[in-house]
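> Got a structure for you, questions after.
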Amino acid sequence: WIHRSVGTTEIYFVANRKDRSELVHCTFRVSGKQPEIWDCVTGKTRAASAFVQSGGRTSLPLELPPYGSLFVVFTGDISTSAHGASATNAPRTSPLLTVDGPWTVHFDPKWGGPESVTFSRLESWTARVEEGIRYYSGSATYRATFRLDSVPKGGVLLDLGEVKAIAHLHVNGIDLGAAWTKPFRVDASRALRAGENLLEVEVVNLWPNRLIGDGLKPAGERLTSTNVAVYYQPTPEGHKLLDSGLLGPVRLLSTLA
């Protein structure tokens with residue numbers, strides 16, 4: 001954590017340095033100020049609804065995703081006896097729908113992948129038998145449809161589950177931006193409609209898998225060229241492929257007040 005003061009405002013940056021979700025109860029050397037939660041990824045802010053003040057300090061629970069961070073900002077005068085009545089400061093959600101597929105996945109043939117293939121279920125590209133997918137590095141676009149009877153008024157989050165490594169999302173042709181960090185969620189409320197919806201997820205992975213695959217080929221058949229030829233050199237145990245693609249599960253979550 002890091003702390004700084006700006007006039008009468010107290011600002012704390014809190015970060016989770018573990019690859020797992022963390023629930024922490026933090027006590028700050030501030031009282032008589034309204035605590036606010038500022039999301040570092042979305043930029044959205046909200047007043048903390050769970051906090052207590054005692055002995056010149058303010059304590060509140062914080063839920064952080066793996067390697068996640070947020071700002072806790074104390075601004076605006078309140079009574080030193082005020083407290084938040086909620087049990088948590090995290091947005092509450094309820095499962096709405098799981099997008100099971102099937103998924104049509106489009107790879108770039110220039111980088112060895114098939115132009116189009118159907119995934120009956122989500123799995124790592126490295127689990128596929130097709131060489132052009134198993135060793136693929138680059139961009140691939142997943143498409144699937146799902147139906148909604150109605151769109152919840154409180155808002156809907158699109159949760160991709162696990163992604164290796166970065167995703168860019170469209171729903172019904174509307175750009176929802178990138179999901180580049182856990183928990184790989186975006187707000188899909190403005191793009192959803194009652195009836196059939198089209199989900200498109202473009203995923204980009206890292207490049208070692210293509211280098212490993214090229215290392216198994218003669219130099220003249222390789223798609224890559226690099227002077228850092230670590231993955232071109234065979235080893236007795238082989239090089240470990242990196243999980244890649246949209247791994248899911250892909251879910252829609254209703255946001256609760």
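The values are calculated or read from the model by the stated rules, or taken from the named source; none is laboratory data. As the structure is a prediction and not an experimental result, all values here were calculated from the model. As a convention, Cβ positions derive from the backbone with ideal geometry for all residues, glycine included, and neighbour counts pool all protein chains shown. Ligands, DNA and RNA are stripped out before the accessible areas are found, and what is left, the full protein with its side chains, is counted by its heavy atoms. Shrake-Rupley method; radii C 1.70, N 1.55, O 1.52, S 1.80 Å.
> Could you list, in sequence order, the residues of region 42-63 that are crowded, with 17+ Cβ neighbours inside 10 Å and either part of a loop (DSSP other than H, G, I, E, B) or over 29 Å from the mean Cα position of the chain (by Cα) (or both)?
48, 50, 51, 53, 58
> Let me ask you something else. I'm checking my understanding of the structure. Among residues of region 118-140 that are assigned to a strand (DSSP E or B) and open to solvent by 30 Å² or more (accessible area, probe 1.4 Å), which one is nearest to residue 250 (Cα to Cα)?
Of region 118-140, the ones assigned to a strand (DSSP E or B) are 118-119, 139-140.
Of the ones still in play, those that are also open to solvent by 30 Å² or more (accessible area, probe 1.4 Å) are 118, 139.
Numbers: 118: 16, 139: 19 Å.
Out of the qualifying residues, it is 118.
> Also, quick follow-up: For region 149-201, name all the residues that are aliphatic (A, V, I, L, M), assigned to a strand (DSSP E or B), more than 27 Å from residue 19 (Cα to Cα) and free of Cβ contacts under 8 Å to residues at least 60 places away in the same chain.
171, 174, 198
> Got a sec? Which of 31, 86 is at pLDDT 95 or above and in a loop (DSSP other than H, G, I, E, B)?
One residue alone meets the criteria, 31.
> Let me ask something else about it. When the residues of region 64-96 are narrowed to those that are under 17 Å from residue 45 (Cα atoms) and among the aromatic types (Phe, Trp, Tyr), which ends up least open to solvent (accessible area, probe 1.4 Å)?
Looking at the filtered set, the residue picked out is 74.
> Right, another one. Considering 114, 102, 109, which residue is open to solvent by 80 Å² or more (accessible area, probe 1.4 Å) and closer than 27 Å to residue 170 by Cβ? Outline the logic, then answer.
On the way: 114 fails: open to solvent by 80 Å² or more (accessible area, probe 1.4 Å); 109 fails: open to solvent by 80 Å² or more (accessible area, probe 1.4 Å).
Exactly one of 114, 102, 109 is open to solvent by 80 Å² or more (accessible area, probe 1.4 Å) and closer than 27 Å to residue 170 by Cβ, namely 102.
> Another question about this same structure. In contact with an Asp or Glu (Cβ under 8 Å, 6 or more places away or on another chain), among the polar types (S, T, N, Q), modelled with pLDDT of 95 or more and assigned to a strand (DSSP E or B): which single residue out of 145, 104 fits that description?
When all the criteria are applied, what remains is 145.
> Given the residues 246, 241, which is the only one that is within 25 Å of residue 143 (Cβ to Cβ) and part of a strand (DSSP E or B)?
None of the others qualify; the one that does is 246.
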